1. Compute the Kirkwood hydrodynamic radius of region A:65-213, taking the inverse of the mean of 1/r over all pairs of distinct Cα atoms, and give it in Å to one decimal.
2. Going through region A:131-228, which chymotrypsin sites (Phe, Trp or Tyr not before Pro) have at most 15 other Cβ atoms within 10 Å and a DSSP loop state?
3. In Å³ and rounded to a whole number, note down the convex hull volume per residue for the Cα atoms of chain A.
4. When only C-alpha pairs under 8 Å and at least 6 residues apart count, what is the relative contact order of chain A, in percent?
5. What aspartates and glutamates does A:Lys18 reach when the alpha-carbon gap must be under 20 Å and sequence neighbours fewer than 8 apart in one chain are set aside?
6. Restricting things to alpha carbons, tell me how big region B:10-154 is in terms of Rg and Dmax, in Å.
7. Once you sort the root eigenvalues of the Cα gyration tensor of region A:93-161 as a ≥ b ≥ c, which label holds: rounded (a/c under 1.5), prolate (a/b larger than b/c) or oblate (the other case)?
8. For every other residue with a beta carbon closer than 10 angstrom to the beta carbon of B:Ala192, add +1 if it is Lys or Arg and -1 if Asp or Glu, then tell me the sum.
Amino acid sequence: MTESVITTDAVTVTAVDKVFEAAAGQVVALSGIDLVVEPGEFVSLIGPSGCGKSTLLRLIADLDTPSSGSVEVFGTSAHQARVDQKYGIAFQQAGLLPWRSVAANIALPLELHGSSSVETRERVAELIALVGLDDFGDRYPDELSGGMQQRVAIARALAKKPELLLMDEPFGALDEMTREYMQTELLRISAETGAAVVFVTHSIPEAVYLSDRVVVMSPRPGRIAAVVPMALGSTASRADDLREDGAFFEMITAVREALHGGAPASSARGVENR
Amino acid sequence: MTGAATIAPPRGRPPGAAWGSGGTARAVAPIVLGVSVVAVWQLIAGSGLVEAYLLPSPAAIGAEIVEFWPSMVSAGAITGLNALVGLVAGTLIGIISALVASTRRSLDGMLAPIVAALAVIPIVALAPVLNTMFGADSQTGRQLIAALAAFVPVFLNTARGLRQTQPVHRDLMRSYAASNAQIMRTITLRTAAPFTFTGIRLASSLAVISALVAEYFGGPRGGLGGLISTSAASSAYPRAWAYVVAAIILGLAFSLVASGLERLVSRRR
């Protein structure tokens, strides 16, 4: 750090609590969360159901507001970041508009923010090429497989060239083979765009394969139990052969043990081991 | 009419929608059945087993259709226009009311019982009152009755459609910081549209039958309903049946156009 460039974190979560008011009383979804995601970094949130990983992602996206504490995205409030379109988001459901073609779905965020039609057309063509759907621009979502729909959703999330991509179990509904293929595609895309990624999953191998750091969460109340750095080289250089590498299995073991509070255990409840 | 008033619109394209061999078979089957029924009817009516005034033969009805063709066309136009004006007005009021009801739960609670009440007002009670209100030479009363009949299914289906927005679409629009108007235009209205058009399909037949029945209770003559009752009253049964055929054709035309629109809108959702 010899230069005097001030680098802003992509995401800064400070002392965040989230309490939901339910009929049966208060439910503490998140308690005392501190997390920093650096620009260009790939961070996965993993943990059993009910650990608040999706809630944390929704707070970063300003789809929910924290009960206390603060969430900043690129140095501004999460709310301002949402208004300024600083992030793109993809959910487990692709959530495409069925009455719009692939191209028109990808164009949606551009249209809503008044891009000219020429700009939109060029950007959509770029994005379609980026996610490898070249001949499918005129197709409709009901003509696509689940994996292809999810690619459209990713292209749509990248439409405004965000430097932060938020993903909530985007491959959770895909079959295993498609899922592994999409993971490698996602690494390529995130390397090409240079965007930071916050990725919610409950698959340990998925988190290990994709991430620079894996944030392990535990439930009731949702807390960060451990942050495990992945000693697997840069995410941009990873390819499918990594899945058979000894280092990969060591990292899987490290994450699994973190999920069990350090003690080696045969299985983590509510977490996929595949 | 309330029982069948909310029906989920067809999902996607039905398998036989393409004009392939399946489509031909589906078109031919009802024609074959219709021709057979008319043939059997002709045989029974011609055999003298049933008195001609009870069941006029298809041939006699056909002859009346040819003889009174110009009158049938003009009668169909009068009743058809009343039904169309009512359908359009009822549809617009139905959609607007549903939009209003969707803004506040309390408004929905206020409107729902009123609509349930409107749905069961008998035409026999309403028609004479409206005829008195608008004068004996006015079609307005009939158009209002058709509008009322059309309003109910359009309102109920649209109100339901406006509640079908998917949570993932809502989250997505929020992540885009979209304005309420943008959310309404891109997601809410488009999601509701197939439901609205299902309502319009149901309303189209109701508008025709209501406009026609309303003619039984006074007002200017010349419509299909009026001529059916006049013909029957003067024991011209084949002619009464000829006007019934015209009424059937009018109703089918309305419902075919409405079904076509519905299919167009429901194609992708």
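Bear in mind these aren't lab numbers, they're just calculated from the coordinates by the rules spelled out. Owing to the predicted nature of the structure, the values given are computational and were not obtained by experimental measurement. When we count neighbours, we look across all protein chains shown, and the Cβ atoms used for this are built from the backbone with ideal geometry, even at glycine.
1. On the way: mean 1/r = 0.0627 Å⁻¹.
With all distinct Cα pairs of region A:65-213 included, I get 16.0 Å.
2. Values: sites: A:Phe136, A:Phe171, A:Tyr181, A:Phe199, A:Tyr209; in loops: A:Phe171.
Hits after loop and neighbour filter: nothing returned.
3. Values: hull volume 42.6 nm³, N = 274.
Output value, Cα hull per residue: 155 Å³.
4. Values: 542 pairs, mean separation 67.3, N = 274.
Across chain A, relative contact order equals 25 percent.
5. A:Asp34, A:Asp62, A:Asp64, A:Glu72, A:Asp168, B:Asp171
6. 22.3, 65
7. Details: a/c = 1.68, a/b = 1.49, b/c = 1.13.
Prolate shape, in that a/c is at least 1.5 and a/b is the bigger ratio.
8. Values: positive: B:Arg160, B:Arg163, B:Arg190; negative: none.
Charge balance near B:Ala192 sits at +3.
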